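First up is the structure itself, then whatever we jot down about it.
The values are calculated or read from the model by the stated rules, or taken from the named source; none is laboratory data. It should be emphasised that the depicted structure is a prediction, and the values quoted were computed from it without experimental measurement. Cβ placement follows ideal geometry from the backbone for every residue including glycine, while neighbour counts extend to all protein chains displayed.
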């Protein structure tokens, strides 16, 4: 654990960072080091894994609390004190160890066990990953593959932890409970305490011939490709949960989930606000003055639109139902198009003279705003 960087440092955060700050930092770092964006830099893959590992801990309130208290050891499954009290899995264990069973009638359980069964099924951990997709894929949806590293049942021993042809035996000391109880007599009566069985390490069973592949654990880490559908309309930063695709459970427990956070690459023409698309269209001075049929790009392809005479720069028109399909619905947003009138540059002398002649032929009725502007200016200067 000594060679691991501080998780807050990995994400560029202070220790008291909020959940929102953690999520934003993760998205930023995931984009910075995503292997797909740096195919020629082998160091990015390791940094990307480091970022994912840091986010997986800091985004989980329980894991983060353990990490803040104990550091990396606090979130390592082999650390006995990960819950803040070495050897105890829950509050019931702590109370039972302190108060046990005051046999003299104090009623703290009468020697009854509050410890959970060591062989009870336990859910596997969730896996947090991220994927970067194109803007158009977010609008239209796509089938996506992602490679993950997950804990899976060992295929050599079928998850038993024992080598082929052998089985795990019930621990003779704890009779499979995973814990042993000791009783001490005191002036206040008999005090019972419970602790993990030292013979089986709290597992309740003993594997005399452990599997050579998983070394008796029953699970191994494997690389797996998961295919899933990204729905049309998904937005940058949203997360897709794939049930049962996380780490496999322990003792037959259910698998955890795979949580995939979506990052969307920016588009050169379009921006998105909710389910609406925004873009700018340049038109010539002549088109703006006389009006014209222009070609407007949309996420469905080009469409024709007629702008009227005297269209001003900054004019916005709406293309109904040309936006993004709403998530898990059939209706869509709209597309808003802003007109930008381009003023010609690098004119010849003759062109300039023609423009001056044209300007001289105009009067106030040819302008919508200029007359009222100068009237207001006159009133301001001559009250």
task: Restrict the check to the stretch 341-349 and report whether at least one residue is in contact (Cβ under 8 Å) with a residue 60 or more places away in the chain, assigned to a strand (DSSP E or B), exposed (fewer than 13 other Cβ atoms within 10 Å of the Cβ) and touching a strand residue (DSSP E or B) at 6+ places or on another chain (Cβ under 8 Å).
output: yes
Helices (runs of 4 or more DSSP H) within the stretch 1-92 that include 1 or more residues modelled with pLDDT of 75 or more and within 30 Å of residue 193 (Cα to Cα): 61-70
message: Given (1) assigned to a strand (DSSP E or B); (2) assigned by TED's automatic domain parsing to the domain that holds residue 139, identify the lone condition not met by residue 246.
response: (1)
query: Does at least one position in the stretch 152-175 carry a residue that is touching a residue at least 12 places away in the same chain (Cβ under 8 Å), farther than 18 Å from residue 122 by Cβ and touching a helix residue (DSSP H, G or I) at 6+ places or on another chain (Cβ under 9 Å)?
result: no
Among (1) outside any loop (DSSP other than H, G, I, E, B); (2) over 19 Å from residue 149 (Cα atoms), the one test that residue 216 misses: (1)
- prompt: Could we say that residue 323 is without any contact (Cβ under 8 Å) to a residue 12 or more places away in the chain, within 30 Å of residue 238 (Cβ to Cβ) and not assigned by TED's automatic domain parsing to the domain that holds residue 234 here?
  reply: no
- prompt: Among the residues of the stretch 288-295, is there at least one that is part of a loop (DSSP other than H, G, I, E, B), surrounded by fewer than 14 Cβ atoms within 10 Å (Cβ to Cβ) and touching a strand residue (DSSP E or B) at 6+ places or on another chain (Cβ under 8 Å)?
  reply: no
query: Within the set of pairs 6 or more residues apart or between chains, which connect a residue that is outside the structural domain of residue 65 (by TED's automatic domain parsing) and in contact (Cβ under 8 Å) with a residue 60 or more places away in the chain inside the stretch 7-22 to a residue that is surrounded by 15 or more Cβ atoms within 10 Å (Cβ to Cβ) and assigned to a loop (DSSP other than H, G, I, E, B) with Cβ atoms less than 9 Å apart?
result: none
message: Can you tell me which residue is surrounded by the fewest Cβ atoms within 10 Å (Cβ to Cβ) among those in the stretch 305-340 that are closer than 30 Å to residue 230 by Cβ and out of contact with any strand residue (DSSP E or B) (no Cβ under 8 Å at 6 or more places or on another chain)?
response: 330
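This table checks each residue for (1) at pLDDT below 80; (2) surrounded by 13 or more Cβ atoms within 10 Å (Cβ to Cβ); (3) part of a strand (DSSP E or B).
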| site | (1), (2), (3) |
| --- | --- |
| 193 | yes, yes, yes |
| 199 | no, yes, no |
| 202 | yes, yes, no |
| 212 | no, no, no |
| 221 | no, no, yes |
- prompt: What single numbered condition from (1) assigned by TED's automatic domain parsing to the domain that holds residue 335; (2) surrounded by 13 or more Cβ atoms within 10 Å (Cβ to Cβ); (3) in a strand (DSSP E or B); (4) out of contact with any helix residue (DSSP H, G or I) (no Cβ under 9 Å at 6 or more places or on another chain) fails to hold for residue 228?
  reply: (1)
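Yes/no matrix, rows are residues, columns are (1) modelled with pLDDT of 95 or more; (2) in contact with a helix residue (DSSP H, G or I) (Cβ under 8 Å, 6 or more places away or on another chain); (3) farther than 15 Å from residue 59 by Cβ; (4) in a loop (DSSP other than H, G, I, E, B):
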position: 252; (1), (2), (3), (4): no, no, yes, yes
position: 255; (1), (2), (3), (4): no, no, yes, yes
position: 268; (1), (2), (3), (4): yes, no, yes, yes
position: 272; (1), (2), (3), (4): yes, yes, yes, no
position: 278; (1), (2), (3), (4): yes, no, yes, no
position: 281; (1), (2), (3), (4): yes, no, yes, no
